[in-house]
1. Would you mind telling me which numbered condition in (1) open to solvent by less than 50 Å² (accessible area, probe 1.4 Å); (2) in a loop (DSSP other than H, G, I, E, B); (3) touching a strand residue (DSSP E or B) at 6+ places or on another chain (Cβ under 9 Å) LEU202 fails?
2. Consider region 341-350. How many of its residues are of a type outside the set (Phe, Trp, Tyr) and open to solvent by 30 Å² or more (accessible area, probe 1.4 Å)?
3. Restricting to region 162-188, what's the tally of residues that are over 21 Å from TYR342 (Cβ atoms) and in a loop (DSSP other than H, G, I, E, B)?
4. Pairs under 6 Å by beta carbon, first residue surrounded by fewer than 24 Cβ atoms within 10 Å (Cβ to Cβ) in region 66-79, partner assigned to a loop (DSSP other than H, G, I, E, B), six or more apart or different chains?
5. Go through region 286-304 residue by residue and tally those that are surrounded by fewer than 20 Cβ atoms within 10 Å (Cβ to Cβ) and outside any loop (DSSP other than H, G, I, E, B).
6. Return the pairs, sorted by first residue and then second, in which the second residue is open to solvent by less than 50 Å² (accessible area, probe 1.4 Å) and part of a loop (DSSP other than H, G, I, E, B), the first residue lies in region 328-340 and is farther than 13 Å from HIS353 by Cα and among the aliphatic types (A, V, I, L, M), the beta carbons are less than 7 Å apart, and the residues are 6+ apart or on different chains.
7. Which of the residues spanning region 180-221 are under 24 Å from THR285 (Cβ atoms), in contact with a helix residue (DSSP H, G or I) (Cβ under 9 Å, 6 or more places away or on another chain) and among the polar types (S, T, N, Q)?
8. Would you mind stating whether ASP270 is without any contact (Cβ under 8 Å) to a residue 24 or more places away in the chain and among the charged types (D, E, K, R)?
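The values are calculated or read from the model by the stated rules, or taken from the named source; none is laboratory data. Given the structure is predicted, the values throughout are model-derived calculations rather than measurements. No Cβ is skipped: glycine too gets one built from the backbone with ideal geometry, and neighbour counts run over all protein chains shown. Note: areas computed on protein heavy atoms with side chains; ligands, DNA, RNA excluded. Shrake-Rupley method; radii C 1.70, N 1.55, O 1.52, S 1.80 Å.
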Amino acid sequence: MRPPVGVFRVSSVAAGVEAVHVGRLRFATNTAVYFYRVGDVLVDSGAANQWHKVSQYIASRPPPSALLVTHHHEDHAGNALRIAAALRDGTLHVPSAAHGHSHGHSHGHSHGHGHGHKHGHGAARVGHSSSSGVPAGAAREQVPLYAPAAAIPYLREGFEVEWYRRMIWGRLAPDPSVVITPLPSSVPATLPDGSRVNIVPLAAPGHCADHTVMYVPERRWLFCADLYVTSKPKMAFYGEVPLRSIATLQRLVRGAVDPALAPWADHPPDGAAASGVSLPLDIGTLFCAHRGALPDGAARLRERLEWLEELHGRVGDVMAAGAREVAAVTQAVLGRDDTLLYATSRGDFSKYHLIRGLMEARLPSPPPPPPSSQPTKLT
């Protein structure tokens, strides 16, 4: 049986927040991705191979006041440069009236053939039928594009990804004409009711070095990118550092990092101090990049943290009994690597990498990756 193919859905998920769910495939939680519009600010931009859907959404709304990138991966930053360039150059196309979207309504499209509507016929330049009010072909000042400082070289120069990532999410195309600025300590957003909130970037390394979450203290919202995904992860990508993920969660959820994890507790400067955000965070709704909007955000992050700490303890117990090989520890703690994603990624996404990362604190040097692993480049 072929896996379900294609997703494009726009939903109002909170007062002033729209979730845009796009993906070429949807056979697993993380093969499709959410990005969000918080009032007049975009947080992330969807997978690189979903431009035909993302551009349709962007063209059907007023231009955002800012674009925020949580990290450089192609399923999050994949369309950020294209959005900035298209808005600047007036090259966005909007769907005909028959396919238009009205602001504030939830609507979904499943594309059984893995592609969206083609807009060659009846498509209009921005300004002909768009709510953006930008005349067709008119150039305008570039919308500010903000990204973590460590992500900017990847966005400017591009980066290689494995074949399965290209197939699922596509590949980010750099555009040297687009100006990218490091994330400030906060970014103002205006909600549809006219109220203003602040979006505060907070460093959250672990998934990758530049991984950043966006906190809205006035609403207790956390746009958590890939910090959550599931309460009980059993796999990790090559290049992820699970112990840094634990330290990040301890900092954000408990307000302090276990001294034993001090070597993994470093993080880039962020907006917490300058914006007066105190830790631990007071989190209501969690806006996950792969699960959508979730209530009880603090409880969900605590559950994930406690699970990772439990796994770390179980790894220590198995190693205390004499095991030193990653494969043996993985088998004892989580069982065999036998999932479809493991096979599809050729071991790049695996139980092995999660356990290997959790073993680092207990060995004099990090254990090596398996010979079959394909390292994720530039992460």
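1. Answer for LEU202: the failing condition is (2).
2. 3
3. Counting residues in region 162-188 that are over 21 Å from TYR342 (Cβ atoms) and in a loop (DSSP other than H, G, I, E, B) gives 15.
4. ALA66/PRO144
5. 7
6. Correct list of pairs: ALA332/ALA323.
7. The answer is SER185, SER186, ASN198, THR212.
8. Considered against the rule, which asks whether it is without any contact (Cβ under 8 Å) to a residue 24 or more places away in the chain and among the charged types (D, E, K, R), ASP270 comes out as no.
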